[in-house]
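The values are calculated or read from the model by the stated rules, or taken from the named source; none is laboratory data. Here the structure is a predicted model, which means the values were calculated and not measured. Quick reminder, even Gly has a Cβ in these numbers, built from the backbone with ideal geometry, and neighbours come from all protein chains shown. Heavy atoms of the whole protein, side chains included, go into the accessibility calculation; ligands, DNA and RNA do not. Shrake-Rupley method; radii C 1.70, N 1.55, O 1.52, S 1.80 Å.
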Amino acid sequence: MVQSKTQSSNVLTIIIMFFLFGMISFVTGMQDPFGVIVRAQFKATNAMSQLGNAANFIAYACMGLPAGMLLKRYGYKVTSLLAVGIGFIGVCITFLSGHLASFGVYLTGAFVSGFSMCMLNSIVNPMLNTLGGGGSRGNQLVQWGGSCNSLNATIVPILIGYLIGTVSKDTQITDANPALFIAMGIFAFAFIVLCFAHIPEPELEAARARMERADQQESMGQAICATLRYRHLVLGMLAVWLYVGMEVTIANVTNLYLTSPEVGVLPSVSGIIVGSYWFLMLCGRLTGGLVGGKISSRSMLTAVSVVGAVLLIVGMIVGDHSTVAFPAIDKNTFTFITQQIPTGAMCFVLCGFCTSIMWGAIFNLSVKGLGEHTSIASGLFMMMVFGGGILPIVQSHLADRMGFIPSYIVPLIAMLYILWYALFGSREKQI
């Protein structure tokens, strides 16, 4: 009877973690279509339209290690409640920015939301692995959680694109209020359920015991220095920084490109097109979960990097010299239609399948042989996620100066570095 009760509690906790995994991409993904709104409402440049996305990701650099320390000291439940509460506040600030028509308040909301997303990222992966008992079962739960993440990333640009409709001088943040209400509602529901849910804390007592023996252990600074002695980890941290930046900038800039005056795709349609990028990531992660036990991380990372680089190069060469019919949905009739888009844009969207498995592969290669320093490496990895806020600004700035197509040199350089890392930089070696 006790075992059955525990299993039922674990099922509820797993469902909650899946919801939170999805909320990470829902709230993070809002910054992409919000860039279209900001560009119209505040007459912002392409680069300025990405500042909300930058604020969201830069929060990771500030919260990466603190989130890990909170998790070790207070456990999953307390940290989860704190993360969900901060997420609710962040979305509320974004909602408030719409009524105040304030760009500064909007950036504040994105930054506060980023704190929550970083904390949730630090929780859901180890929590699902723990609930699965580690090993293949734990990895399977993480893969399913990642699929929920990709599913929401697919939905959010479609939803907000539908709410925006046609971009005009009257387009504003309040147009996306229904999406913000959904986010606030899920956060509130998750907070209530978490208050009453039993969440196993197998590592909390061990962590407290280690803290009591802190005088016998190396300091945090010493642990970080010892961890950074591994060359393949340091190079892997740069690979993760570039990867997250590349993953986000391809989607964000492609959305800006499609809705720009020279292409003129409606946001409701471009949201579906960009949503296809995230849907391909979902397909890639499911595929990676199926074949991951048979193919090495190095081989998988090499293959997708080569294909991704080819797609980016072809997209830049073809550009907007030709168009292709891309499936979409008519906003008014909810029927399937085809939208003519530049062939280059289609190549960029197809990169979603290639970027799907990169995080797991890079992480696996980077922490190989680290042993007791793996937990510190995980915190350092979470800090490097802020690359997702930097590369979109860099590429958008180039798009303002050189045009959209040439700006894709930014994700191409990132893709080529990741290919180099897979082939050479990931070899285990201490500095």
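Which FRET efficiency, nearest 0.05, do Val234 and Val310 yield, Cβ-Cβ r, R0 41 Å?
Step by step, r from the Cβ atoms, then E = 0.90.
With every protein chain kept in place and ligands, DNA and RNA left out, what is the accessible area per residue of the chain? Probe 1.4 Å, answer in Å².
That works out to 42 Å² for each residue.
Ala226 versus Arg73, label points 7 Å from Cα toward the beta carbon: distance in nm?
2.1
Rg and Dmax of region 234-331, Cα atoms, in Å?
When restricted to the Cα atoms of region 234-331, Rg and Dmax are 15.8, 47 Å.
Can you tell me how much longer the chain between Leu100 and Val394 gets when fully stretched, taken as 0.36 nm per residue apart minus their C-alpha distance, in nm with one decimal?
103.0 nm
If you compute volume of the Cα convex hull per residue in Å³ for the structure shown, which of [x] 254; [y] 206; [z] 144 do you land on?
So the calculated entry is the one marked [z].
Once every DSSP H run of n ≥ 4 in the chain is given -39500 (n - 2.57) and the sum is divided by its residues, what mean residue ellipticity at 222 nm do you get, rounded to the nearest 500 deg cm²/dmol?
-26000 deg cm²/dmol
Hey, with R₀ at 41 Å, roughly what FRET efficiency would Ile409 and Thr335 work out to, going by the Cβ-Cβ distance, to 0.05?
Once rounded, the FRET efficiency stands at 0.60.
Per the 1.4 Å probe, what fraction of the accessible area of region 218-338, in percent, lies on carbon and sulfur atoms?
68
Under a crude label model (7 Å from the Cα following the beta-carbon direction), how far is Val291 from Glu262 in nanometres?
The modelled label-to-label distance comes out at 3.6 nm.
FRET efficiency for Glu428 and Cys62, Cβ-Cβ distance as r, R0 = 25 Å, nearest 0.05?
Efficiency computed from Cβ-Cβ geometry: 0.25.
Taking H as built 1.01 Å from N, whose amide H comes closer than 5 Å to the amide H of Val324, not counting residues under 5 places away?
So Val324 has HN proximity to Ile341, Thr343.
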